[in-house]
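Before any comments, here is the structure.
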Amino acid sequence: MTEEKSTSVRPKIVIVGGGAGGLELATRLGKSLGGRKADISLIDYSRTHIWKPLLHEVAAGTLDSYEDQLAYLAQASSNRFNFVLGRMNGLDRDNKRVRLAALTNAAGIEIIPERYQPYDLLVIAVGSICNDFGVKGVADYCMFLDTTEQAEQFQARMLEAFLRASAVGGKSEPGQLDIAIVGGGATGIELSAQLHQAIRLLKAYGLDGVEPTAMRIHLIEAAEQLLPGLPARISEATLTQLARLGIEVHLGERVNEVTASGVHTQNGHFIPAYTKVWAAGIKAPDFLAGIGGLETNQINQLVVRQTLQTTRDEDIFALGDCAACPWPEKNMMVPPRAQAAHQQANLVYENLQNKLSNQDLRDYRYRDYGSLVSLGKYSTVGNLMGYLLGQVMIEGFIARLVYLSLYKLHQLALFGTFRVALLAVSHVFRRTLRPRIKLH
């Protein structure tokens with residue numbers, strides 16, 4: 001086992017997790033402190049980053065991940081932080097070091113042995129994964145959308161099913177072309193709308209052996225409404241839009257078993273579908289459960305104080321979906337949303353600098369600016385919140401612009417105004433040259 005050595009006397013700040021919050025934090029710290037006041041390192045198991053809210057578009061094939069992904073090494077080089085390729089699997093708090101699993105290639109050959117990364121201050125921002133709640137058959141027969149690789153695997157399977165059915169004139173067994181999405185939250189809804197669009201694009205590009213209506217999309221939700229955590233009027237507007245698209249929504253149907261041929265619910269119903277996606281609930285990665293003696297909750301999240309420091313170690317911070325952060329005003333925990341990760345990254349950025357200069361740390365206060373759900377090109381619905389607005393429901397073109405602006409804010413945090421403007425221009429040209437759906 002090896003350990004990364006450093007001859008620098010500068011404090012070492014290590015960030016584990018290159019998602020939206022972790023990458024934005026590493027970029028800002030690198031620009032302000034990197035190479036001068038501190039050594040900044042970002043650890044991630046992937047070589048590239050893509051904004052997680054875009055994964056449903058990657059899965060449908062309406063977004064090519066190679067166009068929107070960012071290479072960590074390139075981002076690190078231009079922003080004065082170090083990128084370490086590795087997967088965290090342990091924590092040695094006594095010696096202040098992160099344990100990284102051995103790295104193997106596609107053939108299973110070890111490239112880098114298990115090793116340790118030392119730190120003075122540690123930020124854990126590893127995000128979340130789908131929570132199958134122990135439902136029988138989910139792990140064996142469902143696909144997930146936690147990573148770019150999983151989204152690409154789903155897209156490949158969908159394209160193969162369409163090609164196979166098209167070649168035999170659309171003849172198929174019951175459920176062979178159907179897609180069942182379990183979970184009526186934002187991910188499940190956005191994926192269903194994108195798939196509706198993708199199926200019609202495939203026909204437009206010449207795969208016309210299958211009528212789009214032959215591929216049924218089922219959206220299954222255990223609660224009595226879609227988007228259970230949001231106001232009922234947003235749920236109703238979303239349900240209306242999905243009905244217009246012909247997506248079959250099953251409300252009040254709790255899944256109790258998944259098989260190769262479909263989904264069984266507690267109400268005794270069976271929904272045939274050979275392709276199944278699980279998007280019902282989240283949890284922090286399993287390796288976090290009790291890691292290093294830190295306090296974690298029942299879904300593996302690290303319990304943090306209002307300063308976003310872990311309750312048992314003031315030199316370790318956590319942010320994003322893997323952090324259980326109190327929301328005192330609502331007497332609940334901060335919801336796992338991209339806006340929360342962005343806000344928390346901003347606070348951790350300030351608190352790390354305050355800690356290095358022995359100043360008091362600030363408390364985190366979650367600002368809920370509302371929620372938006374995109375139904376692809378068809379519509380966007382949601383609500384905006386603020387001190388001046390109160391709570392305003394929006395949908396259609398205006399909502400779509402606000403939704404797109406969220407991604408632009410993420411890009412601005414990473415690239416700055418000039419590069420984001422160039423990316424916008426290049427995107428326009430790419431759209432005129434490339435197919436509107438990934439066909440390979």
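The values are calculated or read from the model by the stated rules, or taken from the named source; none is laboratory data. Predicted model, so just to flag it, every value in this text is computed and none were measured. Note: ideal-geometry Cβ built from the backbone for every residue, glycine included; neighbour counts use all protein chains shown.
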**OP:** Could you list all residues from segment 226-236 that are touching a Ser or Thr at 6+ places or on another chain (Cβ under 9 Å) and either buried (at least 19 other Cβ atoms within 10 Å of the Cβ) or part of a strand (DSSP E or B) (or both)?
**Re:** Leu226, Leu227, Leu230, Ile234
Original post:
Could you give every pair whose Cβ atoms fall below 7 Å, whose first residue belongs to segment 44-56 and is assigned by TED's automatic domain parsing to the domain that holds Ala20 and surrounded by fewer than 22 Cβ atoms within 10 Å (Cβ to Cβ), and whose second residue is β-branched (Val, Ile, Thr) and not in a helix (DSSP H, G or I), counting only separations of at least 6 or pairs across chains?
Top reply: none
**OP:** Pick out the one residue from Glu253, Glu329 that is over 26 Å from Gly18 (Cβ atoms) and part of a helix (DSSP H, G or I).
**Re:** Glu329
Original post:
Tell me, which strands (runs of 3 or more DSSP E) wholly within segment 1-104 include 3 or more residues that are charged (D, E, K, R) and over 30 Å from Arg200 (Cβ atoms)?
Top reply: none
Original post:
Is at least one residue of segment 210-219 part of a loop (DSSP other than H, G, I, E, B), in contact with a Lys or Arg (Cβ under 7 Å, 6 or more places away or on another chain) and closer than 15 Å to Lys276 by Cα?
Top reply: no
Subject >> Residue among Gly134, Gly127 that alone is part of a loop (DSSP other than H, G, I, E, B) and either exposed (fewer than 14 other Cβ atoms within 10 Å of the Cβ) or among the acidic types (Asp, Glu) (or both) >> reply: Gly134
Subject >> Scope segment 147-177; condition modelled with pLDDT of 90 or more and crowded, with 16+ Cβ neighbours inside 10 Å; matching residues >> reply: Thr147, Thr148, Gln150, Ala151, Glu152, Phe154, Gln155
Subject >> Output for segment 293-332, where each listed residue is surrounded by 14 or more Cβ atoms within 10 Å (Cβ to Cβ), more than 22 Å from the chain's Cα centre (by Cα) and either small (Gly, Ala, Ser) or at positive phi (or both) >> reply: none
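Table: residues versus (1) touching a helix residue (DSSP H, G or I) at 6+ places or on another chain (Cβ under 6 Å); (2) in the same structural domain as Leu177 (by TED's automatic domain parsing).
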{"site": "Asn256", "(1), (2)": "no, yes"}
{"site": "Ala260", "(1), (2)": "yes, yes"}
{"site": "His264", "(1), (2)": "no, yes"}
{"site": "Pro272", "(1), (2)": "no, yes"}
{"site": "Gly293", "(1), (2)": "no, no"}
{"site": "Gln306", "(1), (2)": "no, no"}
